[in-house]
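These notes are about the structure you will find just below.
The values are calculated or read from the model by the stated rules, or taken from the named source; none is laboratory data. All of these numbers come straight from a predicted model, not from anything done at the bench. Please note: Cβ atoms are built from the backbone with ideal geometry, for glycine as well, and neighbour counts cover all protein chains shown.
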Amino acid sequence: MARIPESELERMKAEVSVEQLVRAHGIGLVKSGRDWRGRCPFHEDGTPSLVVTPSKNLWHCFGCGLGGGPVDWAMKANGISFRHAVELLREGIPALAAKAGERTTVRALESPVSVEVDDAALLDQVVDYYHQTLKSSPEALAYLEKRGIAAAVEPFRLGFANRTLGLRLPEKNRVAGEAIRTRLQRIGVIRESGHEHLNGCIVFGWRDEAGHVAGLYGRKIVENQARNLPKHLYLPGPHRGVFNADGVRGQREVIVCESVIDALTFWCAGYQNVTASFGADGFTEDHLALFRAQGVERVIIAYDRDAAGDAGAQKLARRLTVEGIGCYRVQFPHGLDANEYALKVTPAAKSLGVLMRRAQWLGNGAAPVREVVVPASSSLAAKGTVALRGNAGSPAVMAEPALPLAAKEEAEPELVPLREAAVVLPASVEPAAPAFDIPCEVSGSEIVFALDPVRYRVRGFDARAKATAGVLKVNVLASVGERFHVDTFDLYHAKARANYIARAAAELRLTDDVVKADLGRVLLKLEMLQAAADALAAGAQMTADEEREALELLRTPALLERIVSDFAACGVVGEETNKLVGYLAAVSRKLDTPLAVVIQSSSAAGKSSLMDAVLAFVPEEERIKYSAMTGQSLFYMGETNLKHKVLAICEEEGASRAAYALKLLQSDGELTIASTGKDAQTGNLVTQEYRVEGPVSIMLTTTAIEIDEELLNRCLILTVDEGREQTEAIHRLQRHKRTLDGLKLKAQKERVLSLHRNAQRLLKPLAVVNPYADQLTFQSERTRMRRDHEKYLTLIDTIALLHQYQREVKTVRHAGAELAYIEVTLADIEQANALVHEVLGRSLDELPPVTRRVLEEITQAVKGKPLPRASVRFSRREVREWTGLGDTPLRKHLERLVELEYLLTHRGQRGQSFEYELMYDGDGSDATHLAGLLDVTTIGSSPPGEGEFAPGSLRQNSPSAPPSLPVQNRADSGGERPCGDESGNEAELHIYGNKKPDVAVRTSYQREPM
């Protein structure tokens, strides 16, 4: 049975009023404090014992002990099942009763099928209903997203059977109900027990030439079922029709998969000439008839790589080669099918294409020969044999003729017709497939191939290494007995490979063809080992329990608070804002325009520790960390090696030579370079293009006080807390690690990190739509704020993306494609505002954050003096005491403050010494917050859980707005219109909504300094 999502039940508990349901049954309620009291209809109730609590939306009877929420009331009051009650409440149908204690009458749901149509149309109606059910079932859509085939929902009219069809049919004790249920049972939709045959399944259908449904396949989506319940179901009876017959028509080459899901995997990856047999032994006469009619010449068999799939592929190949169709077998890694492989090795279009190009040849079929020319004197005619030509590219073979040939005069050659039947090749002359999946022994970094008579030892091959595309440099030792030849060369370089073959053949006293064939098999095997390693690295398989725990984490209501607490559980003390922003920046790699982060602090303050802590939460396969990079290194990273990953560089100085490339990668989302190289065939110099695809989230650390302006514009600047309290907290943690509790904390840390890595693996790169985007505001005084505004919006998108399992995944059809997206809520904007006030507020300051803290310390110290500010003089030694900084970094901060006229220097009393005077009259913390952001409390309330913006509900001076968040003066806001001056110091607002338009509220605020 398909499970009703918890989110759906929670929504009903919050939105359906128990009080209204109780009143709908004619039960009078009397106010009793905050609750309502009435007589319980489920037992003889002399005194009111039924209590309804609106604040909790619950009911309870102190007489009979019954109670619960709206679903429980609907079930008990109407005498219906749990699922029936949910269906009624979904459609907003109130469960009405004429009188308490009497037989209840529940309005029947509208039937989606008609008894008046024929069986073909009836099955079409069922599929249409299942399709509509799927589109409103988040759990079914999530399953298709997980399998990577959500794009096939509309083109193939995929559906979901969740047991609601039976609830919508007339009761079987009625004539109409008996008739329709009998017919549905006849076509296989309903079983004799009355249950839906495909209950709990995603429903995949295919149609015949008339456009009617020819068959259905169901895949259970609930994995924790009893073992005796099958996960794969078809309609009863023999299989009819061909899945995706339209994709086969007009094709000479067709991909045949073992299952419908595997076929849709190829289809979604762009290979639309694909169909599915119905299991390893499910290739039918309908498939064969379609192949014959379309003149299919080649079939790529993409069955599962297991015992059943291997046996089924061999059986199908024998059947097709008899028909004159060439066959190839896709070699997935052992134990994987097409869908599993495509999900592990992305992008699927590229990985599946590579496997098809490497497919194992199972033999070419002998095409039926229509006519041949046989002279009378021909030896073939005398021997009674005919030369038969196979498919294009296959060698000519010999076979016995279908009919004896009459000898003709040599001077009069003519065409002799043969019968139309296919010619069967004897087993002795059936071409053997080239075997490249050869056995080998792997010992550390050494791989040994025993190919009689030559033994090959390969060193220097690392299947897990991210080698540059098109390079496979190894050391190969070929030996026969005591004779050997060894050399290091690039297996992908034709000239180097030919040179090795010639020299090895001469040393081993073999022909070039023998060594060439062996080397080709070794090369293909190494590619298979590399593909298997890629699949393992990309897979990072989770158990069912690990996936469940990861989903629970992503569905935590206070997710950001949970992330901060998990950082603390992993031993990272303080730095709450920095930790959270770093985590979000890493998650933003899933977006098209990720965030970049620079962590700034003085030496030994903990910037590297902060970056390492953030990276530890990112899956290993999605992060890359370097100590330094050369100027050209990024351009040769491989086309997709950085896509949707985190690139971390330990020191910004170590990336200085690659700064230009990093800026381009962050701004443009890709890198391209034209470089000169040698042509592999001719040896001539040619121009080669290298391309590196983004997006990528970049993370750097730096000790520089002044950060490059170009880098500053593109990155969020996180400043490590260098205060004494933070240092003391770190000391306490360091001491705690030496205790028994610290040992337990270390053991707990890896479990927490593993949980977050799995959770990030589950995050999908969905599109994010912000319905409040046109209501947001931002400062515009400087040109760099154009990029800062984009950072702000991206931070909001990232928070929404992180909460994707708590949001409805919506779809919209545009330009022939279906786009999936989630929406931003007000809570996302509020959380982003709380972070960006500090992060962007400091980065927009003319003083670097560390220098700003020095100014704050000086300001507080000077204010503590009993003298007027203008009379206070202080030395650099005093500032060192106030701030705790060393002399070298302090000199740079003081120079910056003097240059910007926050401090004034005076000649000291001891010769060349200097004293300072504080010219600044603020408190030093002016840049703590970013002025100009929209206060989300000024947006009208939305229905619980929906977060939808109500036009005309924007209000300005909400009493709940924190004083640190400035109120906006926005002329084009939908529900308010400023009527004051343009200075921003005062504004008169007309409030729309419940008040009359002519009512004006006067409000004033002080614009914060920039």
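The number of residues in the stretch 328-362 that are within 20 Å of ARG521 (Cβ to Cβ) and in contact with a strand residue (DSSP E or B) (Cβ under 9 Å, 6 or more places away or on another chain) comes to 11.
For the stretch 814-836, the count of residues that are at pLDDT 85 or above, at negative phi, touching a strand residue (DSSP E or B) at 6+ places or on another chain (Cβ under 8 Å) and assigned to a loop (DSSP other than H, G, I, E, B) is at least one.
Here is a check on your reading of the model: is THR794 buried (at least 18 other Cβ atoms within 10 Å of the Cβ) and either in a loop (DSSP other than H, G, I, E, B) or touching a Lys or Arg at 6+ places or on another chain (Cβ under 9 Å) (or both)? So THR794 fails the test. List, please: which pairs have Cβ atoms under 7 Å, are six or more places apart or on different chains, and start with a residue in the stretch 166-184 that is closer than 12 Å to ASP119 by Cα and end with one that is part of a helix (DSSP H, G or I) and modelled with pLDDT of 70 or more? Within 7 Å, the pairs are ARG183/ASP119; ARG183/LEU122. Might you check whether a residue that is part of a helix (DSSP H, G or I), modelled with pLDDT of 85 or more and at negative phi occurs anywhere in the stretch 357-380? Looking through the stretch 357-380, none of the residues is part of a helix (DSSP H, G or I), modelled with pLDDT of 85 or more and at negative phi.
Among the candidates ARG873, ARG891, ARG896, ARG853, single out the residue that is more than 30 Å from the chain's Cα centre (by Cα) and under 28 Å from ILE563 (Cα atoms).
It is ARG853.
Regarding VAL850, is this residue closer than 30 Å to GLU547 by Cβ and either surrounded by 18 or more Cβ atoms within 10 Å (Cβ to Cβ) or at pLDDT 80 or above (or both)? So VAL850 fails the test. The set of residues from the stretch 264-278 being closer than 18 Å to VAL296 by Cα, in contact with a His (Cβ under 8 Å, 6 or more places away or on another chain) and part of a loop (DSSP other than H, G, I, E, B) comprises just one member, SER277.
Conditions (1) among the β-branched types (Val, Ile, Thr); (2) out of contact with any Phe, Trp or Tyr (no Cβ under 7 Å at 6 or more places or on another chain); (3) outside any helix (DSSP H, G or I), marked per residue:
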{"position": "GLN860", "(1), (2), (3)": "no, yes, no"}
{"position": "LYS865", "(1), (2), (3)": "no, yes, yes"}
{"position": "ARG877", "(1), (2), (3)": "no, yes, no"}
{"position": "LEU885", "(1), (2), (3)": "no, yes, yes"}
{"position": "THR888", "(1), (2), (3)": "yes, yes, no"}
{"position": "ARG896", "(1), (2), (3)": "no, yes, no"}
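Here GLU808 fulfils each of the conditions (1) modelled with pLDDT of 85 or more; (2) in a helix (DSSP H, G or I) apart from (2). Based on what the data block shows, is ARG240 in a helix (DSSP H, G or I) and either in contact with a Gly (Cβ under 9 Å, 6 or more places away or on another chain) or not assigned by TED's automatic domain parsing to the domain that holds VAL126 (or both)? Answer is no for this residue. For the stretch 28-52, the candidate set comprises residues that are in contact (Cβ under 8 Å) with a residue 24 or more places away in the chain and in contact with a Leu (Cβ under 7 Å, 6 or more places away or on another chain); within that set, the residue that is surrounded by the fewest Cβ atoms within 10 Å (Cβ to Cβ) is PHE42. Would you check if VAL296 is under 20 Å from GLY205 (Cβ atoms) and at pLDDT 90 or above? So VAL296 does not fit the description; no.
For the stretch 279-308, the set of residues classified as touching a strand residue (DSSP E or B) at 6+ places or on another chain (Cβ under 9 Å), closer than 14 Å to VAL256 by Cα and in a helix (DSSP H, G or I) consists of ASP286, HIS287, LEU290, PHE291, listed by residue number. Here the condition is being farther than 25 Å from LYS146 by Cβ and free of Cβ contacts under 8 Å to residues at least 12 places away in the same chain; of SER603, SER565, it holds for SER565 alone.
If only residues of the stretch 146-201 that are over 42 Å from the mean Cα position of the chain (by Cα) and not in a helix (DSSP H, G or I) are counted, the one that is modelled with the highest pLDDT is PRO170.
Restricting attention to the stretch 327-356, the residues that are assigned to a loop (DSSP other than H, G, I, E, B) and either among the hydrophobic types (A, V, I, L, M, F, W, C) or within 18 Å of VAL256 (Cβ to Cβ) (or both) add up to 6. Restricting the search to strands (runs of 3 or more DSSP E) fully inside the stretch 548-661 and requiring at least 3 residues that are buried (at least 18 other Cβ atoms within 10 Å of the Cβ) and modelled with pLDDT of 85 or more gives 645-649.
Quick grid of which residues meet (1) farther than 18 Å from GLN314 by Cβ; (2) surrounded by fewer than 22 Cβ atoms within 10 Å (Cβ to Cβ):
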site	(1), (2)
LYS231	yes, yes
LEU235	yes, yes
ASN244	yes, no
VAL256	no, no
GLY279	no, yes
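Of everything in the stretch 861-883 that is touching an Asp or Glu at 6+ places or on another chain (Cβ under 8 Å) and over 15 Å from LEU918 (Cα atoms), the residue that is surrounded by the most Cβ atoms within 10 Å (Cβ to Cβ) is THR883.
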